[in-house]
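Okay, so here's the structure we're looking at.
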Amino acid sequence: MLSNHFQNGIETAKLVWSRLPNAEDGDADEVGVSKKIDGSSVESLDYEVVENHAYREEQAQRGKLHVGYYVVVKWFFALLIGIGTGLAAIFINISVENFAGWKYSLTFSIIQKSYIAGFVVYMLINLVLVYSSTYIITQFAPAAAGSGIPEIKGYLNGVDTHGILLFRTLIGKIFGSIGSVGGGLALGKEGPLVHTGACIASLLGQGGSTKYHLSSRWLQFFNSDRDRRDLVTCGCAAGVAAAFRAPVGGVLFALEEVTSWWRSQLMWRVFFTSAIVAVVVRTAMGWCKSGKCGHFGSGGFIIWDVSGGQEDYSFEELLPMAVIGVIGGLLGALFNQLTIYITYWRRNYLHKKGNRVKIIEVCLISLVTSIISFGLPLFRSCSPCPESDPDSGIECPRPPGTYGNYVNFYCGKDKEYNDLATIFFNTQDDAIRNLFSAKTIHEYSAQSLLTFLVMFYTLAVVTFGTAVPAGQFVPGIMIGSTYGRLVGMFVVSFYKKLNIEEGTYALLGAASFLGGSMRMTVSLCVIMVEITNNLTLLPLIMLVLLISKAVGDAFNEGLYEEQARLRGIPLLESRPKNEMRKMKAKEAFGNQKVVYFPRVVKVADVVSILKSNNHNGFPVIDSKSGETLVIGLMLRSHLLVLLQSKVDFQHSPLPSDSRGGSLPIRHNFSEFVKPASSKGLSIHDIHLGPDDLEMYIDLAPFVNRSPYIVPEDMSLTKVYNLFRQLGLRHIFVVPRASRVIGMITRKDLLIEVFNWIIPLYVILSALVCGNKKKIFISG
């Protein structure tokens with residue numbers, strides 16, 4: 001009976017939830033799988049090795065020395081990515097801490113005389129910083145808006161969104177993050193740091209930026225999307241490691257959240273990159289502790305040490321901790337759904353009116369945020385400072401904007417503090433430290449925490465998706481730690497135990513909201529342990545993460561998956577849809593007609609076909625002895641290179657090796673490489689004369705002679721797994737094969753092992769037989 005009521009309740013909740021606006025509602029041209037922010041189509045990446053004649057000739061010329069040099073360069077690039085991302089994170093953190101420190105110091109000195117004048121100065125400083133951020137994004141680097149994690153996740157999944165890894169995107173991300181976070185908006189710099197690390201890795205992989213004349217021939221070593229994918233993976237892990245000082249968490253974040261393909265060699269390089277970031281950041285913090293970095297010395301990087309808090313927990317506390325997980329799942333899922341609705345409306349109605357509207361929108365949000373963060377604490381009455389404990393190291397009161405609890409703001413007496421100003425009129429990092437702090441029971445009232453939760457939750461929902469770099473890690477921690485501390489206050493008053501710390505429940509609340517919104521488990525658990533320096537709470541963090549993720553999954557997908565869908569990024573998730581189990585490969589493409597080329601094709605026909613469709617791959621066929629054979633796959637980008645160079649044009653419609661000669665090689669394999677995050681060549685960029693159009697091209701030296709092929713009746717689930725796990729862009733679907741020329745098993749792939757095992761076996765057998773013979777004779 002109880003289970004029936006529970007099931008009915010779940011069905012009712014799902015029905016109500018389904019009536020909320022969803023990302024899939026509306027015009028598919030605006031928010032679909034084929035369009036991105038600016039309306040241009042996204043493009044798939046070629047993670048498959050194109051084994052054409054030029055590639056095989058180049059591989060045949062490479063010896064063991066070149067292979068060793070190739071591996072060394074990969075590790076050297078991992079080192080450069082770690083150093084570059086660490087330095088970028090240091091610059092962002094120092095700038096944000098100093099801007100925030102100067103802002104609060106100036107405001108506090110002015111409010112000693114006039115609170116109105118202090119508010120005006122506070123509001124104007126925030127407005128200037130936020131305006132600078134949105135101006136950089138709208139006028140210089142539109143691709144730097146948002147966190148960038150959905151776009152990077154799409155890139156590692158095989159989808160290239162134009163502009164996300166350019167040099168100007170990197171600059172816009174760094175300086176835009178400084179303005180938006182320093183301006184006090186309800187967002188963080190951690191997501192943008194992931195994008196920053198990916199941009200640094202991509203720029204190093206392609207040798208810099210040729211547009212801004214910041215390139216080096218010595219760095220132009222990696223020419224394939226596969227190698228760049230590995231570098232970008234290192235950059236993502238480095239960004240998380242720099243943002244949270246969590247190197248292991250960065251490795252697990254790259255593995256769990258952003259990558260679709262992983263191997264052990266990549267794991268080592270990612271781990272090495274994260275370790276380099278940790279060393280760089282730690283060195284910078286040690287140097288800044290001497291006061292050489294201004295206000296940065298007191299705040300520093302994100303690390304909220306709760307090692308001096310609650311050391312143990314009882315069985316009775318598991319129930320309220322589970323409740324925190326449920327609350328996190330519900331609020332996280334609601335946050336995702338509200339941001340979907342607002343982002344959909346913003347992109348399809350508001351942002352279509354131009355950049356001026358985007359700037360005005362962000363400036364208005366900045367004004368509202370300043371009014372709320374400065375004005376609401378004025379209506380809150382101050383509380384007397386608790387009795388000072390010399391062992392706690394906590395002073396009461398402190399001026400606003402400085403590291404510590406018990407902020408004195410609009411209080412009539414010296415020994416009073418404003419609990420709402422302690423978390424509102426402060427930087428987010430310092431506010432989280434205050435919420436996580438131990439030995440501060442009854443510092444906050446339930447009314448203040450509830451007020452802050454409602455207002456900051458609303459601001460975070462509205463701010464997410466505006467034209468500024470915006471991360472959601474730290475705002476999520478703020479929201480979760482607030483309701484977690486509320487639950488902790490209830491537990492302290494209900495159980496009346498002295499060893500219960502409200503800060504511990506704030507930490508669990510932060511983990512639960514991130515789990516309910518982003519749906520990460522392993523990486524998030526390790527990150528929370530690393531930034532809090534408390535391994536004792538690991539089982540509790542695991543508990544709330546599992547509960548919050550399970551509750552959130554009952555309503556919608558994670559934040560990054562939903563935002564990727566809104567941005568038109570067609571992600572291939574780890575599991576295929578259930579409908580695919582009943583479908584075959586030939587049903588996937590329907591009645592779509594295959595466009596192919598003969599081996600020797602007229603230039604005019606190539607131009608006509610490229611202009612008439614947007615396909616990126618074409619089968620190439622050849623006729624031998626009256627039988628038509630598929631000889632390989634020809635990429636659109638390779639055809640454009642051949643048309644532009646014109647060196648492979650010939651007058652004869654016969655194959656170039658028809659007279660018994662070898663295939664001519666007039667190109668290096670690197671000439672066919674498309675620049676990272678660039679549209680590359682277009683058919684409209686190539687100008688051919690009438691004589692050129694009458695020429696012919698032999699495509700045989702340039703086709704990929706070993707494309708992946710599946711039979712037409714293969715399950716679409718198998719095709720999906722093959723496509724995603726290998727990072728493919730094209731798969732040929734052919735009729736059932738008429739004959740089998742061989743079969744490969746596991747032992748056929750163990751070439752190196754059998755090269756020495758079999759001779760060794762023969763030698764040992766001979767020795768054994770020889771010994772037996774000697775023994776027999778001597779006996």
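Bear in mind these aren't lab numbers, they're just calculated from the coordinates by the rules spelled out. Predicted model, so just to flag it, every value in this text is computed and none were measured. Note that each Cβ is placed from the backbone with ideal geometry, even for glycine, and that neighbours are counted across all protein chains shown.
Express in whole angstrom the spacing between the alpha-carbon centres of the range 237-261 and the range 90-113.
For the range 237-261 versus the range 90-113, the Cα centre distance is 30 Å.
What is the distance, in nm, between label points placed 7 Å from the Cα along the Cα-to-Cβ direction at Ser264 and at Gln59?
It is 2.2 nm.
Alpha carbon centre of the range 485-513 versus the range 334-360: separation in Å?
Computed from Cα coordinates, the inter-centre distance equals 36 Å.
For Asp414, Asp648, Asp622, which order do you get if you count the other beta carbons within 10 Å of each Cβ and list the fewest first?
Fewest-to-most ranking of Asp414, Asp648, Asp622: Asp414, Asp622, Asp648.
Can you give the FRET efficiency for Arg282 and Trp102, using 1/(1 + (r/R0)^6), R0 = 30 Å, r = Cβ-Cβ distance, to the nearest 0.05?
0.70
Assuming R0 = 35 Å, can you tell me the calculated FRET efficiency for the pair Lys624 and His684, based on Cβ-Cβ distance, to the nearest 0.05?
The calculated FRET efficiency here is 0.45.
Can you tally the net charge around Asn613? Count Lys and Arg as +1, Asp and Glu as -1, for every other residue whose Cβ sits under 11 Å from the Cβ of Asn613.
For residues surrounding Asn613, the net value is +3.
For the range 586-734, give me the percentage of DSSP beta bridges that are antiparallel, rounded to the nearest 5 percent.
Close to 75 percent.
Please compute the contact order of the range 318-566 in relative form: average sequence separation of alpha-carbon pairs under 8 Å and at least six residues apart, divided by the residue count, as a percent.
Relative contact order here is 28 percent.
List, in order, the whole-Hz ³J(HN,Hα) value for each residue of the range 242-248 obtained from phi through the Karplus relation with A = 6.51, B = -1.76, C = 1.60 and θ = phi - 60°; use x for Gly and Pro.
Taking θ as phi minus 60°, the curve returns 6, 5, 10, 6, 10, x, 5 Hz for the range 242-248.
Over the range 694-747, calculate the relative contact order: mean separation of alpha carbon pairs under 8 Å at least 6 apart, over the residue count, as a percent.
39 percent
Once you keep just the Cα pairs under 8 angstrom separated by 6 or more residues, what percentage relative contact order results for the range 63-299?
Dividing the mean separation by the residue count of the range 63-299 yields 26 percent.
Separation of the range 542-571 and the range 599-660 by C-alpha centroid, Å?
After rounding, the separation between the Cα centres reads 45 Å.
To the nearest 20 debye, what is the magnitude of the charge dipole of the range 586-734 about its Cα centre, counting +1 on the Cβ of each Lys and Arg and -1 on the Cβ of each Asp and Glu?
420 debye
Listing Glu501, Glu316, Glu562, Glu151 from the residue with the fewest other Cβ atoms within 10 Å to the one with the most, what is the order?
By the 10 Å Cβ count, ascending: Glu316, Glu562, Glu501, Glu151.
Report the label-to-label distance for Ser290 and Asn616 in nanometres (one decimal), using points 7 Å from each Cα along the Cα→Cβ vector.
Here the answer is 5.1 nm between the modelled labels.
Amide H to amide H, which residues 5 or more places from Val407 or on other chains are under 5 Å from it, using H placed in the peptide plane?
Amide H to amide H, under 5 Å and 5 or more residues apart or across chains, Val407 pairs with Arg398, Asn418, Thr422.
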